[in-house]
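Notes follow the structure.
The values are calculated or read from the model by the stated rules, or taken from the named source; none is laboratory data. Given the structure is predicted, the values throughout are model-derived calculations rather than measurements. Glycine gets a Cβ as well: all are built from the backbone with ideal geometry, and neighbour counts include every protein chain shown. The area values use the complete protein model at the heavy-atom level, side chains included, leaving out ligands, DNA and RNA. Shrake-Rupley method; radii C 1.70, N 1.55, O 1.52, S 1.80 Å.
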Amino acid sequence: MAVIGIFDSGSGGLSVLKEIRKVLPSGHFIYYADNAHCPYGDKSPEYIQDRARAITRLLLDKGAEAIVVACNTATGAAIATLRAEFDVPFVGMEPAVKPAALGTRTGVIGVLATAGTLKASKYLKTKGLYQDNVRIEEHVGEGFVQLVERLELDGPETERVVRASLQPLLDAGADTIVLGCTHYPFLRPVIERIAGPDIRVIDPAPAVAKQVLKVLSERGLLSPATPSSFAGLTGDPSKARDGDRQGGKSPTLELLSSGDPTTLRRLAAMIG
Ligand code: DGL
């Protein structure tokens, strides 16, 4: 089974890893959280491309044979650059505008994402395919990434912050909310509580997991041959190359962070 590298600006991409593990239960994963440079949402595309390049090199050095860009913002800013510069398969995030547009009853869908994602040509292109048939309302999830990175996943303050960005979409008549940032699924219980039972919330991660499976299969990377397995965590990217390795166990997850790995560790334990 191939070694799969996964990265995000922080811990959000664990929501994608969770879905990938459902379809690849014996996979070997190296997850890199760029906590020292989080959030990406308000950074320039060039900055994110530089980070994505550096992280890709690190993941390849550690043996990754396929890379999942488990971050909508980095997908929008950098996946084309990565594909042009590295000879390894990349799978990125896709905002779930299509299933939302096909399923809406009110004809209004709401997209929650970062400012970077909402400006990226990848998203604008997808939106262009559907906006003649449905109204697409957008809102940046202001403060959502910070809530997740602080592990404030519920409570009155979390509810207040989430409501401030979600309510305008609901007021506009949206009956479907697209989670366009991989951090947001960690706030899904709060989002669903505020939205109520009639609102459909869509997370693209299960579809991305299926795409990972498809790409690995096409590249012949699903063979049962097992590499030396490993498990470890380091907060220091210079040490990340030498992350602890332990032989023998399968499946494996190696967690790496360029900053404080506390949340990463806790959320990784939460997703099981
Ligand atoms: N989790 C990321 C995304 O999917 C990035 C959020 C951020 O760093 O602003 O967009």
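May I ask you to say which residue of 83, 105 is away from the ligand (no atom under 13 Å from the Cβ), open to solvent by 50 Å² or more (accessible area, probe 1.4 Å) and either in contact with a Lys or Arg (Cβ under 8 Å, 6 or more places away or on another chain) or not in a helix (DSSP H, G or I) (or both)? Full working, then the answer.
On the way: 83 fails: either in contact with a Lys or Arg (Cβ under 8 Å, 6 or more places away or on another chain) or not in a helix (DSSP H, G or I) (or both).
Result: 105 is the single residue among 83, 105 that is away from the ligand (no atom under 13 Å from the Cβ), open to solvent by 50 Å² or more (accessible area, probe 1.4 Å) and either in contact with a Lys or Arg (Cβ under 8 Å, 6 or more places away or on another chain) or not in a helix (DSSP H, G or I) (or both).
Pick from 94, 152: which is acidic (Asp, Glu) and under 23 Å from residue 218 (Cβ atoms)?
Working: 152 fails: under 23 Å from residue 218 (Cβ atoms).
Answer to the selection: 94.
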Item to check | Inter-residue pairs, beta-carbon under 6 Å, first in a loop (DSSP other than H, G, I, E, B) and in the range 251-272, second open to solvent by less than 10 Å² (accessible area, probe 1.4 Å), 6+ apart | outcome: 251/27; 258/34
Checklist entry - Here are some conditions: (1) in contact (Cβ under 8 Å) with a residue 12 or more places away in the chain; (2) more than 19 Å from residue 186 (Cα to Cα); (3) open to solvent by 20 Å² or more (accessible area, probe 1.4 Å); (4) among the charged types (D, E, K, R). Residue 94 meets all but one. Which one does it not meet? => result (2)
Checklist entry - Of all residues in the range 132-176, which are open to solvent by less than 60 Å² (accessible area, probe 1.4 Å), more than 22 Å from residue 107 (Cα to Cα) and part of a helix (DSSP H, G or I)? => result 144, 145, 147, 148, 149, 158, 159, 161, 162
Checklist entry - Quick one: how many residues across the range 150-194 are over 20 Å from the mean Cα position of the chain (by Cα) and without any contact (Cβ under 8 Å) to a residue 24 or more places away in the chain? => result 7
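Among the residues of the range 2-48, write down those that are part of a loop (DSSP other than H, G, I, E, B) and in contact with a Gly (Cβ under 6 Å, 6 or more places away or on another chain). I'd like the intermediate steps shown before the answer.
Here is the first cut: in the range 2-48, the ones part of a loop (DSSP other than H, G, I, E, B) are 2, 9-13, 24-27, 34, 38-44.
Across the range 2-48, the qualifying residues are 38, 41.
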Item to check | Residue list for the range 21-53, filter: more than 15 Å from the ligand (Cβ to nearest atom) and open to solvent by less than 40 Å² (accessible area, probe 1.4 Å) | outcome: 24, 27, 28, 29, 30
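Within the range 232-261, track down each residue that is at pLDDT 50 or above and open to solvent by less than 60 Å² (accessible area, probe 1.4 Å).
Applying the first criterion (at pLDDT 50 or above) to the range 232-261 yields 250-261.
Those that are at pLDDT 50 or above and open to solvent by less than 60 Å² (accessible area, probe 1.4 Å): 252, 253, 254, 255, 256, 257, 258, 259, 261.
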Next on the checklist: Among the residues that make up the range 215-228, is at least one of them open to solvent by less than 60 Å² (accessible area, probe 1.4 Å), part of a helix (DSSP H, G or I) and modelled with pLDDT of 50 or more?
Outcome noted: yes
Checklist entry - Taking the range 177-206, which residues are buried (at least 22 other Cβ atoms within 10 Å of the Cβ), of a type in the set (A, V, I, L, M) and within 16 Å of residue 109 (Cβ to Cβ)? => result 177, 178, 179, 191, 195
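Looking only at residues in the range 54-76 that are in a strand (DSSP E or B) and within 13 Å of the ligand (Cβ to nearest atom), which one is nearest to residue 112 (Cα to Cα)? Even if it seems obvious, please write down each step before you answer.
Here is the first cut: in the range 54-76, the ones in a strand (DSSP E or B) are 66-69.
Next, only the ones that are within 13 Å of the ligand (Cβ to nearest atom) stay: 68-69.
Numbers: 68: 21, 69: 18 Å.
Filtering first and then ranking leaves 69.
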